[in-house]
């Protein structure tokens, strides 16, 4: 055992040393990299300064060569194009001698080269018409049209080699006369660039920028330099623009090889020293810390005990009862004493919960669980089975007071587990719901009474309004007609509300009378659609049906149509103008399913669990777009289930809503599918 402890301490020590090593290495590495970056930044700044100088020299060299020929242009304009061959040759010779990179200078009246200097080596271009240069002619035309000189190239020359050509259009008395072209030796310029760049020459590249601003071909240096350049410098030339990419020479960057070896060694040494120091401090303080922890834990346990006792004592509205694994009561709080009339000292360690439970409810629950499990229950599994399975179950049951009266409660039973996950006991928390049940009963009675009392006067009001609107009591003035229509509409709306309230009351009380019989499903669906044609036309909605003939179900026809009419009317109300409401029948595992799909805004996902609850509405504000009571879907669900069917909802495939009802088929179906579509209703 001691050997294992020593091995554990040794492992912890070296883990500590490793952590210290990393903690020391990180700032050292950061400082070393900062030192390297400082040096490299200075190199980068120096490289950029040199590159800008090189660019300026390159611009100056090319621009000076291009603009030397402007004197020739001035001479031609002054002579109005009447040139003396010997004099023009002498002027061209003087200009040529001053240019360091000139290849030749040419004059082309009417775009045909008539004079060139030097003539030797350039005989091939005498008499050349620029229009014959297919690749260069579009650019020459642009120069002529713009009336300004432009440098182009590098291009392959007719007389061989590469050149930069500066072409300047000559205007005499406002009319185009010809071109003055200066050919600069591109290879000479690039050799000059390499000479002034020195060691930067391998990391410099040039490319053209086209007139649309996009990069052109790379004609000097490595094209890869443009992928991740240190800087892109613009080179501005007459009528043209180049771009220079520059990168830092690899040899100028500071290497960290030996510095990093020294860094690792120093970090390791300091980590070992600090580890030994911390180990010594830890060993000296260990006993002192353990003693302080024992005192602290003792105080925490005492505080937790006091807090738990205070919480249990304050929870007077809840009966909290805890048992051990054998079912003997170990906790009986003040709320349990108040609810059941027993004292804690009479129950804890002496009784089981069966002393205040109702035997009939226990037996009934035991029969349900035994049928579900297929075996007899053991011990107190009647109430602890779900807790043992790890699920929390809410039970509606009764507690028996000490004086014999029954108290309706809502109880939750959960398992009390130890650190290893074993069940040590069970905890039951119960709330007296007598007042809640009384309120629910009063509410149902109030709704039933109000609904019945409203029916008679509403019938009289609706009848009177109907007679007025029909003109039975005389002509209705036009000014009164609109108000009469509003009154009739609201009377019908109130009648539907009363009908819904009465249906809910009957369903909740189990007094809804149903008259099931076998009916063809297609006939019932088509009848519901026919009844809603006027509403669909008013809402500018199109009804589409896809039906299966030969399917028959056992339902109450009027209540079935009430369910389907409710789903269809909702779909029509929420459809946009020109929208489509589809009804589709399908056969699934001995059942017929009817789907009602619309193209409306759909239902928020957060509201889906409340869809079939009474008075539930997704848009419940005062400014909601569609009126309603929130009872239609709740009534539809109750009616469907009372007739042996199911109802549900799923989001529509195109963003709308899709409600469905499903009923068992009572005889084999004929698998014949018909489809009908029109703008007014089903076919």
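The values are calculated or read from the model by the stated rules, or taken from the named source; none is laboratory data. Given the structure is predicted, the values throughout are model-derived calculations rather than measurements. For neighbour counting, all protein chains shown are included, and Cβ atoms are generated from backbone atoms with ideal geometry for every residue, glycine included.
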Whichever residue in segment 347-386 is assigned to a helix (DSSP H, G or I), under 16 Å from residue 399 (Cβ atoms) and touching a residue at least 40 places away in the same chain (Cβ under 8 Å) and, among such residues, is nearest to the chain's Cα centre (by Cα): 383
Breaking point among (1) under 49 Å from the mean Cα position of the chain (by Cα); (2) more than 16 Å from residue 428 (Cα to Cα), for residue 402: (1)
Residue within segment 650-661 that is closer than 19 Å to residue 516 by Cα, exposed (fewer than 13 other Cβ atoms within 10 Å of the Cβ) and modelled with pLDDT under 85 present: no
Filter pass, residue 127 being buried (at least 19 other Cβ atoms within 10 Å of the Cβ) and in contact with a strand residue (DSSP E or B) (Cβ under 8 Å, 6 or more places away or on another chain): no
Set 529, 548: member being under 24 Å from residue 643 (Cβ atoms) and modelled with pLDDT under 85: 548
Filter result (out of contact with any strand residue (DSSP E or B) (no Cβ under 8 Å at 6 or more places or on another chain) and in contact (Cβ under 8 Å) with a residue 60 or more places away in the chain) within segment 54-66: 57, 61
Count of residues meeting criterion [over 27 Å from residue 172 (Cα atoms), in contact (Cβ under 8 Å) with a residue 40 or more places away in the chain and out of contact with any strand residue (DSSP E or B) (no Cβ under 7 Å at 6 or more places or on another chain)] in segment 130-158: 0
Conditions (1) modelled with pLDDT under 85; (2) over 41 Å from the mean Cα position of the chain (by Cα); (3) part of a helix (DSSP H, G or I): number failed by residue 514: (3)
Criterion violated by residue 147 - all others in (1) at pLDDT 85 or above; (2) closer than 22 Å to residue 74 by Cα; (3) surrounded by fewer than 18 Cβ atoms within 10 Å (Cβ to Cβ) satisfied: (1)
Residues that are part of a strand (DSSP E or B) and closer than 18 Å to residue 660 by Cα, drawn from segment 517-533: 520
Residue that is surrounded by the most Cβ atoms within 10 Å (Cβ to Cβ) [pool: residues in segment 534-563 that are assigned to a helix (DSSP H, G or I) and under 41 Å from the mean Cα position of the chain (by Cα)]: 563
Of the criteria (1) modelled with pLDDT under 75; (2) surrounded by 14 or more Cβ atoms within 10 Å (Cβ to Cβ), which one residue 51 fails: (1)
